[in-house]
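This report refers to the structure that appears directly beneath it.
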Amino acid sequence: MRPRTLRARLVAGMLVLLALACAGVGAATSIMLERFMVDRIDQQLSTIGGRFAASLEHRDEYGEDGDTRGQSPGTLGVRLVNGGVTDAAVVSPAVPDPVLSAADRSALAALPTDGRPRTLRLSSLHHYRVTAVGGDDGDVLITGLPLEGIESTVHRLQFAEVAVFAAVMLVTGVAAALWVRLSLRPLQRVAATAREVARLPLADGEVALPGRVPDEDPRTEIGQVGEAFNRMLGHVGDALARRHASEQRMRTFAADASHELRTPLATVRAHVQLARREAGDLASRSPHTRAPAMSPGPSPKESPGPAASVESAGAVPESVRHALERIDAESARMGKLVDDLLLLTRLDAGRPLARDEVDLTRVAIDATGDARVSAPDHRWRLELPEEPVTMTGDADRLYQVVANLLGNASAHTPPGTTVTVGVAAPSSDTVELTVADDGPGIPGEIQDEIFERFVRADKARSRASGGSGLGLAIVKAVAAAHGGTVGVESRPGRTVFRVVFPRR
Ligand SMILES: Nc1ncnc2c1ncn2[C@@H]1O[C@H](COP(=O)(O)OP(=O)(O)OP(=O)(O)O)[C@@H](O)[C@H]1O
Ligand SMILES: [Mg+2]
């Protein structure tokens, strides 16, 4: 039930304070009014003195009611002789002779005769203000004036105050709620801007921060918050812009570097192949072009084609032939690495992809066919639906996705592993590609970062023998460029890569 918003708390606090103030004012006015009126009665009492009570002794002279001349209605006169009430009268046309109870009589008898006014509760009459004075002949003369009028006046005042205060509280409550809402409006603008910033994807890319908070008056608290907030937004904006610029520089650098590396690399490879051909090493082979995407480059253990090299073996020493072969293999690997880097930097830069109608089933069949040839020791299975599954995308890049996944399934599992390639359309606007194998699986500690660049399970493995760790980064970047996602589930005996693309 406690108010939560600042607005509700301010209004509630204001109303509580106002109620306290009203209660204080109400109590003070009724006490003061009562005192004032009692003072007036006391003055009246001292004017009357014992006159009325004394007149009761001489009823034969003044009549049954005593000397009521000049006495205000309700005036009580009592005469005591030897502590006992002998006469009592009230100035009132209705009941001139009050019937006093025994308690009232003893209360009257107990009054000190000092002439000081006191308040007395008489059970048979109203509250009275009474004074007692000693009479001439040893009797006690008591005069009283009723407090009834005062009490009803004070009650009327209290009623009026409660009504007025309630109305004031109501009006103040409404006015305060409106006013607080109005005063806090700038704070809401700060909150709205902060929420907008919180919703922005600040992690990467170019970020357009929302406009500044308009309230910047440093004399107000909210203005100070707004100013600090704007300054913070400024710093964040600067930092983000600087980060974006440095990312751009890095990208341009990587793109330029990989692009620049291609030409000398192509020259090196051409010369190496020429040299190998001269040495008779490549006589029976077609000129070596870039290795298929899914194989990590020609293995250094590949046989150098013994039949062709026999005749020239004498001319070129074996060590030189081996060196040429290594240069060829490593420059092929480097070529693939440079191509992968260039592709990644292009995808990073958001280069537009081709938008063809691609038959994903066809792509899966082709890529699996290629994998069968390059990894004949694995078992390759296809799980395709009856109808071809098509999507809009870049056919070459999609082929590369499948090829990279299949390359991994053959490169990182032992021979004899079964690899299942599946294509499906789980809903009318998504298509799904799965590559599952029953190999040893991906270690748990790198599963979360497997799609990052240069992440490989076996870090100790020499780069010369394995891949570079860019294959899955390319899969993720191509999937993202198509608006899709990629995920992996892996445990020993079952590893499934699942890529989901939107159909259009
Ligand atoms: N099917 C799989 N089974 C077991 N481990 C896998 C599998 N697929 C990927 N991995 C692990 O994930 C790592 C990253 O794969 P990724 O394709 O990104 O790089 P790579 O294959 O090592 O090199 P590249 O593909 O660039 O030639 C691999 O090094 C391997 O450790
Ligand atoms: Mg790979």
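The values are calculated or read from the model by the stated rules, or taken from the named source; none is laboratory data. Since this is a predicted model, take the numbers as computed values, not measurements. Positions of Cβ are backbone-derived with ideal geometry, glycine not excepted, and every protein chain shown enters the neighbour counts. Protein only, heavy atoms only, side chains kept; ligands, DNA and RNA dropped before computing areas. Shrake-Rupley method; radii C 1.70, N 1.55, O 1.52, S 1.80 Å.
Checking the condition touching a residue at least 40 places away in the same chain (Cβ under 8 Å), of a type outside the set (Lys, Arg) and surrounded by 13 or more Cβ atoms within 10 Å (Cβ to Cβ), which residue from Val85, Val81 passes? Show your work before the answer.
Values: Val85 fails: touching a residue at least 40 places away in the same chain (Cβ under 8 Å).
One residue alone meets the criteria, Val81.
Of the residues Ser55, Ser30, which is buried (at least 16 other Cβ atoms within 10 Å of the Cβ) and under 30 Å from Thr172 (Cα atoms)? Every option except Ser30 fails the conditions.
Selection of first residues in region 428-452 that are touching a residue at least 60 places away in the same chain (Cβ under 8 Å) and of second residues that are aromatic (Phe, Trp, Tyr) and near ligand 1 (Cβ under 8 Å from one of its atoms), restricted to Cβ pairs under 9 Å at least 6 apart or on distinct chains, gives the following pairs, ordered by first then second residue: Leu433/Phe497; Thr434/Phe497; Val435/Phe497; Ala436/Phe497. No other residue among Val272, Val162, Val171, Val207 is within 22 Å of the chain's Cα centre (by Cα) and either modelled with pLDDT of 90 or more or open to solvent by less than 40 Å² (accessible area, probe 1.4 Å) (or both) apart from Val207. Taking Gly134 as the residue in question, decide whether it is at pLDDT below 85 and not charged (D, E, K, R). Judged against the criteria, Gly134 is not a match. The strands (runs of 3 or more DSSP E) located wholly in region 30-134 that include 1 or more residues which are among the hydroxyl-bearing types (Ser, Thr, Tyr) occupy 84-90, 118-121, 127-134. Quick check, is Arg231 modelled with pLDDT of 85 or more and more than 29 Å from Gly350 (Cβ to Cβ)? So Arg231 fits the description; yes.
Quick check, is Arg251 modelled with pLDDT of 90 or more, open to solvent by 50 Å² or more (accessible area, probe 1.4 Å), among the charged types (D, E, K, R) and more than 16 Å from ligand 1 (Cβ to nearest atom)? Here the answer is no, as Arg251 does not meet what is asked. Determine which single condition Ala354 fails, assuming it passes every other condition in (1) in a helix (DSSP H, G or I); (2) modelled with pLDDT under 95; (3) of a type in the set (Gly, Ala, Ser); (4) touching a strand residue (DSSP E or B) at 6+ places or on another chain (Cβ under 9 Å). Failed condition: (1). Restricting Ser299, Ser286 to those that are assigned by TED's automatic domain parsing to the domain that holds Lys336, within 28 Å of Asn408 (Cβ to Cβ), modelled with pLDDT under 90 and more than 60 Å from the chain's Cα centre (by Cα) reduces the list to Ser286. Per the listing Leu406, Leu344, Leu337, the residue uniquely within 16 Å of ligand 2 (Cβ to nearest atom), within 15 Å of Lys476 (Cα to Cα) and assigned by TED's automatic domain parsing to the domain that holds Met250 is Leu344. Take the conditions (1) outside the structural domain of Val130 (by TED's automatic domain parsing); (2) without any contact (Cβ under 8 Å) to a residue 40 or more places away in the chain; (3) touching an Asp or Glu at 6+ places or on another chain (Cβ under 9 Å); Ala12 misses just one of them, which is (3). His412 falls short on exactly one of the conditions (1) modelled with pLDDT under 95; (2) under 43 Å from the mean Cα position of the chain (by Cα); (3) closer than 14 Å to Phe497 by Cβ, and that condition is (2). Counting residues in region 218-238 that are in a helix (DSSP H, G or I) and of a type in the set (Ser, Thr, Tyr) gives zero.
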